[in-house]
1. Please enumerate the residues belonging to region 47-72 that are closer than 15 Å to residue 113 by Cβ and at pLDDT below 90.
2. Can you pull out the residues in region 1-12 that are surrounded by 12 or more Cβ atoms within 10 Å (Cβ to Cβ) and either more than 15 Å from the chain's Cα centre (by Cα) or at pLDDT 95 or above (or both)?
3. Kindly indicate whether any position in region 138-153 is more than 18 Å from the chain's Cα centre (by Cα) and part of a strand (DSSP E or B).
4. What's the number of the only condition in (1) under 15 Å from residue 108 (Cα atoms); (2) without any contact (Cβ under 8 Å) to a residue 24 or more places away in the chain that residue 83 fails to meet?
5. Which of the residues spanning region 95-137 are surrounded by fewer than 21 Cβ atoms within 10 Å (Cβ to Cβ), under 17 Å from the mean Cα position of the chain (by Cα) and not in a strand (DSSP E or B)?
6. Is it true that some residue in region 20-32 is closer than 14 Å to residue 101 by Cβ and touching a residue at least 24 places away in the same chain (Cβ under 8 Å)?
7. From 36, 23, which residue is under 21 Å from residue 115 (Cβ atoms) and modelled with pLDDT of 95 or more?
8. Given (1) under 28 Å from residue 119 (Cβ atoms); (2) in contact with a strand residue (DSSP E or B) (Cβ under 7 Å, 6 or more places away or on another chain), identify the lone condition not met by residue 8.
């Protein structure tokens, strides 16, 4: 079952209920410039992956082709997809890599990356998912939607 939502469906994220008022596909390319053999480079994705007011981004996958590895963090400093938040980076052969992260307004993800070659390079990392316009709704509205058969996705971090 896909975690992507469509207009009219409901997302309960960190105990706050949102009705999706608009849903559209998202793809974003982030270019990261490395020095030779650079490790643990932190890139805040705040410029383009910070949702605006009344928006939530759902990042399904990240992908790249090239001699780098990356650790996805959300929020900054919190590695995802590893037991106990251990710092483990994703390798190119694992791509596209599923992350399934909902990014709330005024927040953004971070990448911590390594350049695996002894040369300066620029790596393009792609993010695929959905952009949702939302409105906050009440618990009673959520229960009414459930009774009406409307999909309600509950996500806790």
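The values are calculated or read from the model by the stated rules, or taken from the named source; none is laboratory data. Predicted model, so just to flag it, every value in this text is computed and none were measured. Glycine gets a Cβ as well: all are built from the backbone with ideal geometry, and neighbour counts include every protein chain shown.
1. Once the filter is applied, which keeps residues that are closer than 15 Å to residue 113 by Cβ and at pLDDT below 90, region 47-72 yields nothing.
2. Answer for region 1-12, where residues must be surrounded by 12 or more Cβ atoms within 10 Å (Cβ to Cβ) and either more than 15 Å from the chain's Cα centre (by Cα) or at pLDDT 95 or above (or both): 5, 6, 7, 8, 9, 10, 11, 12.
3. Start the filter on region 138-153 by keeping residues that are more than 18 Å from the chain's Cα centre (by Cα), which leaves 138-152.
Still in the running and part of a strand (DSSP E or B): 152.
Checked region 138-153: at least one residue is more than 18 Å from the chain's Cα centre (by Cα) and part of a strand (DSSP E or B).
4. Failing condition for residue 83: (1).
5. 95, 96, 105, 106, 107, 108, listed by residue number.
6. Within region 20-32, the subset closer than 14 Å to residue 101 by Cβ is 26, 28.
With the extra rule that they be touching a residue at least 24 places away in the same chain (Cβ under 8 Å), the set shrinks to 26, 28.
Yes, region 20-32 contains a residue that is closer than 14 Å to residue 101 by Cβ and touching a residue at least 24 places away in the same chain (Cβ under 8 Å).
7. Just one listed residue meets the conditions, 36.
8. Evaluating residue 8 over (1) under 28 Å from residue 119 (Cβ atoms); (2) in contact with a strand residue (DSSP E or B) (Cβ under 7 Å, 6 or more places away or on another chain) leaves (1) as the failure.
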